Protein chains: 2
Amino acid sequence: MPPKAVVLLSGGLDSVTCLAVAKKEKFDVHALCFDYGQRHKIEINCARRSAAKIGVEKFHLIQFDLRQWGASALTSDQLAVPEFQEYHGKVPITYVPARNLIFLSFGTALAEGIGARDIFIGVNSMDYSGYPDCRPPFIEAFRQCARLGTKAVDEHWEFNIRTPLQHLRKREIIELGLSLGVDYSLTHSCYNPDPDGRPCGHCDSCGLRSAAFAELGMTDPALTRK
Amino acid sequence: MPPKAVVLLSGGLDSVTCLAVAKKEKFDVHALCFDYGQRHKIEINCARRSAAKIGVEKFHLIQFDLRQWGASALTSDQLAVPEFQEYHGKVPITYVPARNLIFLSFGTALAEGIGARDIFIGVNSMDYSGYPDCRPPFIEAFRQCARLGTKAVDEHWEFNIRTPLQHLRKREIIELGLSLGVDYSLTHSCYNPDPDGRPCGHCDSCGLRSAAFAELGMTDPALTRK
C-alpha cells in the first residue's frame with residue numbers, strides 16, 4: 001500500500017500544483033480543505049473539482065467561521081487595516097492572522113489520525129515574502145512543533161512538512177503544474193469573481209496569474225472557465 | 001489600559017484555574033472556548049458561566065466538528081483504539097490528535113488579532129504525562145513557531161505561552177484556584193454526566209478530582225452543582 005500524505009488544498013493555483021506533486025510521488029492523498037468563512041465558495045468548489053480530477057483517497061472539509069472573529073479583532077480594538085498591510089503587503093478581506101499555523105495544525109491532526117507523515121502545503125516566499133507564515137523558518141519551526149506535540153516524539157519519527165513550491169516563482173509553479181497535467185481552469189485565485197465564480201481578470205491576484213501565464217505565451221485558463 | 005491575554009478555556013478544572021491566574025495578573029482576558037463536537041455541551045456551559053463569574057473582556061467560541069473526522073480516522077484505517085491508549089494513557093471518546101496544537105494555533109490567531117502577547121493554557125504534565133502536547137518541550141516549540149509564523153517575528157517580540165499549572169498536581173491546582181476564589185462547582189471534567197450535566201462521580205476523571213478534593217478534606221463541589 002502506498003504511503004499516505006495530507007495535502008492542504010485551497011483550490012488556488014499553488015495548492016492544486018502541490019496536489020499534483022504529491023500524486024506524482026505516488027502518495028495516497030488525503031486533501032484537506034477549509035471553509036473558514038471566506039467570501040467565495042467557488043474556491044472550495046475548485047478544490048473539490050481539482051481533487052476529483054487529479055484523484056485523491058479522500059476529500060476532507062473542515063468548517064469554522066473566523067470571518068466575524070477576524071472582523072471583530074479588526075474593529076473592536078481599533079486595529080487599522082494599514083497596520084496589517086505593513087506586514088503582509090496586501091490583506092484580503094478574509095485575512096486571518098496565523099492562518100497557515102491553524103491549517104497546518106489541522107493537517108497534523110489528520111496526518112496523525114490516518115498514519116501519514118508527509119504534509120504538503122503550497123507556500124512560496126518568492127511572490128509574497130511579506131507573509132511570515134510562508135517562510136522557511138516558520139515551516140521548520142512547525143515541523144519541530146508537530147513532532148513534539150504528537151505521538152511522533154514518543155515513536156521517534158518526524159513529520160515531513162513538504163513545501164515543493166517554496167522557492168518557485170508563479171511562472172515556475174505553472175510550468176511545474178503543466179508538466180504534471182494540472183488543469184488550471186479548475187483553480188481559483190481571484191478576489192472578485194462574478195456571480196458564476198469566474199475570475200474578474202483585473203484584481204491583483206488575477207494580475208499575478210495572468211502575467212505568469214503571459215510569460216509562458218498563454219492566457220490564464222481560469223478566465224475562460226465554464 | 002491593562003494588557004490583554006488569551007486564555008484557552010474548556011470549562012474544566014484546570015482551564016478555569018488558569019483563567020483565575022490570568023485575572024490575578026490583571027490581564028484583560030479574552031477567553032477562547034472550542035466546540036469541536038465533544039459529547040457534553042455542559043463543558044461549554046461551564047466555560048461560559050466561569051468566564052462570566054470570574055470576569056472576561058470577551059468570550060469567544062470557535063466551532064468545528066472533528067468528531068466524525070476523528071471517528072473516520074479511527075475506523076477507515078483500522079487504527080485500533082489500543083494503539084492510541086499506548087501513547088495517551090486514557091483516551092476519551094472525543095480524543096483528537098494534535099488537539100492542543102490546534103487550540104494554541106487559534107489562540108495565537110486571536111492574540112495576534114487583538115494585540116495580546118500572553119496566551120494561557122492549563123496543561124500539566126504531572127497527572128497525565130502521556131500526552132505529548134501537554135509537555136514543556138512542545139510548549140517551547142510552539143512558542144517559537146507562533147513567533148515565526150506571525151508578525152511577532154518582524155516586530156521583534158515574542159508570544160508568552162503561559163502554563164501556570166505545568167508542574168502542579170491536581171491537589172495543588174485546586175489549592176491555587178481556591179486561593180483565587182474559583183468556584184469549582186462551575187467546572188466540569190466528567191466523561192459521563194447525567195442528562196442535567198451533573199458529574200457521575202465515579203468515572204476516571206471524576207475520581208481524579210474527587211481524590212484531590214478529598215486530600216483537602218473537601219467534597220468536589222461539582223458533585224452538588226445545581
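Among B:F159, B:F84, which is at pLDDT 65 or above and either open to solvent by less than 20 Å² (accessible area, probe 1.4 Å) or in contact with a Ser or Thr (Cβ under 9 Å, 6 or more places away or on another chain) (or both)?
Selected residue: B:F159, the only one of B:F159, B:F84 that is at pLDDT 65 or above and either open to solvent by less than 20 Å² (accessible area, probe 1.4 Å) or in contact with a Ser or Thr (Cβ under 9 Å, 6 or more places away or on another chain) (or both).
Condition check for B:I54 on (1) open to solvent by less than 20 Å² (accessible area, probe 1.4 Å); (2) of a type in the set (A, V, I, L, M); (3) modelled with pLDDT of 90 or more: one failure, at (1).
Pairs are defined by a Cβ separation below 9 Å, a sequence spacing of at least 6 or placement on different chains, a first member in segment A:151-173 that is closer than 30 Å to B:P132 by Cα, and a second member that is open to solvent by less than 60 Å² (accessible area, probe 1.4 Å) and acidic (D, E); the pairs so defined are A:K151/A:E112; A:A152/A:E112; A:F159/A:E112; A:F159/A:D118; A:N160/A:D118; A:I161/A:D118; A:R162/A:D118. Remark: pairs (first residue in segment A:198-217, free of Cβ contacts under 8 Å to residues at least 12 places away in the same chain and of a type outside the set (D, E, K, R); second residue assigned to a helix (DSSP H, G or I) and open to solvent by 30 Å² or more (accessible area, probe 1.4 Å); Cβ separation under 8 Å; 6+ apart in sequence or on different chains) are absent.
Selection of segment B:102-130 for residues being buried (at least 22 other Cβ atoms within 10 Å of the Cβ) and hydroxyl-bearing (S, T, Y) yields B:S105, B:T108. A single entry from B:V96, B:V123, B:V91 fulfils the requirement of being facing chain A (nearest Cβ under 7 Å) and either within 14 Å of the chain's Cα centre (by Cα) or at pLDDT below 80 (or both): B:V96.
Taken over segment A:163-176, residues that are open to solvent by less than 10 Å² (accessible area, probe 1.4 Å) and not in a loop (DSSP other than H, G, I, E, B) amount to 2.
Scanning segment B:110-139 for residues that are in contact with a Leu (Cβ under 7 Å, 6 or more places away or on another chain) and assigned to a helix (DSSP H, G or I) turns up B:L110, B:P132, B:D133, B:P137, B:F138.
Answer yes or no as to whether A:C134 is within 29 Å of A:G37 (Cα to Cα), within 12 Å of chain B (Cβ to nearest Cβ) and touching a residue at least 24 places away in the same chain (Cβ under 8 Å). If you could, list the steps in order and put the result at the bottom.
Working: within 29 Å of A:G37 (Cα to Cα): yes; within 12 Å of chain B (Cβ to nearest Cβ): yes; touching a residue at least 24 places away in the same chain (Cβ under 8 Å): yes.
Answer is yes for this residue.
Restricting segment A:147-156 to residues that are at the interface with another protein chain (Cβ under 7 Å from one of its Cβ atoms) and assigned to a helix (DSSP H, G or I), which is most open to solvent (accessible area, probe 1.4 Å)? Checking each candidate, the answer is A:D154.
Considering each residue of segment B:177-188 in turn, none proves to be on the phi < 0 side of the Ramachandran plot, in contact (Cβ under 8 Å) with a residue 60 or more places away in the chain and in a strand (DSSP E or B).
Of the residues making up segment A:135-160, just one is within 13 Å of A:L101 (Cα to Cα) and touching an Asp or Glu at 6+ places or on another chain (Cβ under 8 Å), namely A:R143.
So, in segment B:5-31, exactly how many residues are outside any helix (DSSP H, G or I) and surrounded by 22 or more Cβ atoms within 10 Å (Cβ to Cβ)?
Applying the first criterion (outside any helix (DSSP H, G or I)) to segment B:5-31 yields B:5-12, B:25-31.
Still in the running and surrounded by 22 or more Cβ atoms within 10 Å (Cβ to Cβ): B:5-11, B:27, B:29-31.
The number of residues fulfilling the criteria is 11.
Does A:R162 qualify as being within 17 Å of the chain's Cα centre (by Cα) and more than 7 Å from chain B (Cβ to nearest Cβ)? Spelling it out, A:R162 is indeed within 17 Å of the chain's Cα centre (by Cα) and more than 7 Å from chain B (Cβ to nearest Cβ).
Checked against (1) crowded, with 23+ Cβ neighbours inside 10 Å; (2) at pLDDT 85 or above; (3) facing another protein chain (nearest Cβ under 9 Å), A:L66 passes all but condition (2).
The values are calculated or read from the model by the stated rules, or taken from the named source; none is laboratory data. A quick note: this is a predicted structure, and the numbers were derived from the prediction, not measured. Please note: Cβ atoms are built from the backbone with ideal geometry, for glycine as well, and neighbour counts cover all protein chains shown. Heads up: the accessible areas ignore ligands, DNA and RNA and are worked out on the full protein's heavy atoms, side chains in. Shrake-Rupley method; radii C 1.70, N 1.55, O 1.52, S 1.80 Å.
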